[in-house]
Amino acid sequence: MIRENEQNQRLDKFLRKYLNQAPLSFVYKTIRKDVKVNGKRKNAEYLLQPGDEITLYLAPEKMAGLHEKKQAPRAKKQFRVAFESEDILVVEKPFGLLTHGDRHEKKNHLANQVIAYLAQKGDYDPSRERTFVPAPVNRLDRNTTGLVIFCKNYPALQTFNRLIRERGTIQKLYKTILFGDLKEPLHLTAGMIKDEERNMVRVVEQGEGKDMETYVRPLERSGTYTLAEVEILTGRTHQIRAQLAAAGYPLIGDAKYGDPGRNRVLKKETGLSTQLLHAYKLTFGECPEEYRYLSGRSIECPVPPAFRNIQKQLIG
């Protein structure tokens, strides 16, 4: 029977998660021939409702090889909790930690650490969940620090994924240090084309590729460096790094988009070898009724000590 954490998702998406060891072609073949919802055939796009009963006409021995039960991962907690409610958890991601795993790191990443933390608290029980896993709605690069929102249940995950996409509800603010003397705020608009092989993006004219929009406000200046606050209105890969480099104000230490010569000098002076970027503030606008407790709330986390030390050296 479909429960709260499985509702409002397509039948094919549910089965892709539930039959997590099955090839995609098998899942769609099963939907056509071996699945009924409330005793009737449904197409892959059918949206599951609470109380729906799904029947799989598959032999038990075959099912055993297609569905692997979830277990809470073992991952040492490295994050700090910035805010927690019944529905969401906002954490402070440290430097050097992936938000999600990749082919090189499958276990010790932020998502697994959060799942382990919630399981230990009793807020998530993988043995009771057939498809749902607590997940982030925003993501930070490995070497970017700061605030990440995780949802503890599927209705919250659906809502906050939508709120993140919509402009005006959740304001995401970053702090960074730039090469150059930025005297006035910038409003940057452009297009973005991703180079998958190099894991980089190319900034192009607005209207080409995917749109990007960023606001940059100078906070403190030394004449050579600028401490800036950055607000992203779109959440594209490497958006801040790529757009600011294209505007002539690259992030200090940024090996992909920055200035190699100035970065080498800076590394000798400060030891900095990667971009200095920190997601320091989330501000919530008008939220849906069930999350009204967040409306008007701001959540902040201070810049890490290493950021603060370099800021003091370069700007004072």
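Data table
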read-out: Residue match in the range 267-289 (condition: touching a strand residue (DSSP E or B) at 6+ places or on another chain (Cβ under 6 Å) and either more than 21 Å from GLU229 (Cβ to Cβ) or part of a helix (DSSP H, G or I) (or both)); value: no
read-out: Pairs where the first residue, in the range 297-316, is touching a residue at least 12 places away in the same chain (Cβ under 8 Å) and the second is in a loop (DSSP other than H, G, I, E, B) and not aromatic (Phe, Trp, Tyr), C-beta under 7 Å, 6+ apart; value: PHE307/LEU276; ILE310/LEU272; ILE310/LEU276; LEU314/SER222; ILE315/SER222; GLY316/SER222
read-out: Residues within the range 198-208 that are in a loop (DSSP other than H, G, I, E, B) and within 21 Å of the chain's Cα centre (by Cα), tallied; value: 2
read-out: Qualifying residue in the range 116-130 (condition: surrounded by 17 or more Cβ atoms within 10 Å (Cβ to Cβ), touching a residue at least 12 places away in the same chain (Cβ under 8 Å) and hydroxyl-bearing (Ser, Thr, Tyr)); value: yes
read-out: Counted residues, the range 1-28 - those being without any contact (Cβ under 8 Å) to a residue 24 or more places away in the chain and within 20 Å of ALA156 (Cα to Cα); value: 1
read-out: Subset of the range 154-195 that is at pLDDT 95 or above and in a loop (DSSP other than H, G, I, E, B) - its residue that is nearest to ARG292 (Cα to Cα); value: PRO185
read-out: Matching option when the condition is closer than 30 Å to SER222 by Cβ and outside any helix (DSSP H, G or I), among ARG130, ARG142; value: ARG142
read-out: Single residue of PRO260, PRO288, PRO302 found to be closer than 19 Å to LYS93 by Cα, out of contact with any Gly (no Cβ under 9 Å at 6 or more places or on another chain) and either not assigned by TED's automatic domain parsing to the domain that holds THR145 or not charged (D, E, K, R) (or both); value: PRO302
read-out: Leading residue by the ranking (farthest from GLU220 (Cα to Cα)) among those in the range 278-316 that are under 19 Å from the mean Cα position of the chain (by Cα) and loosely packed, with under 15 Cβ neighbours inside 10 Å; value: SER298
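The values are calculated or read from the model by the stated rules, or taken from the named source; none is laboratory data. Just so you know, these numbers come straight off a predicted model, no measurement behind them. Reconstructed Cβ throughout: ideal geometry from the backbone, glycine too, with neighbour counts over all protein chains shown.
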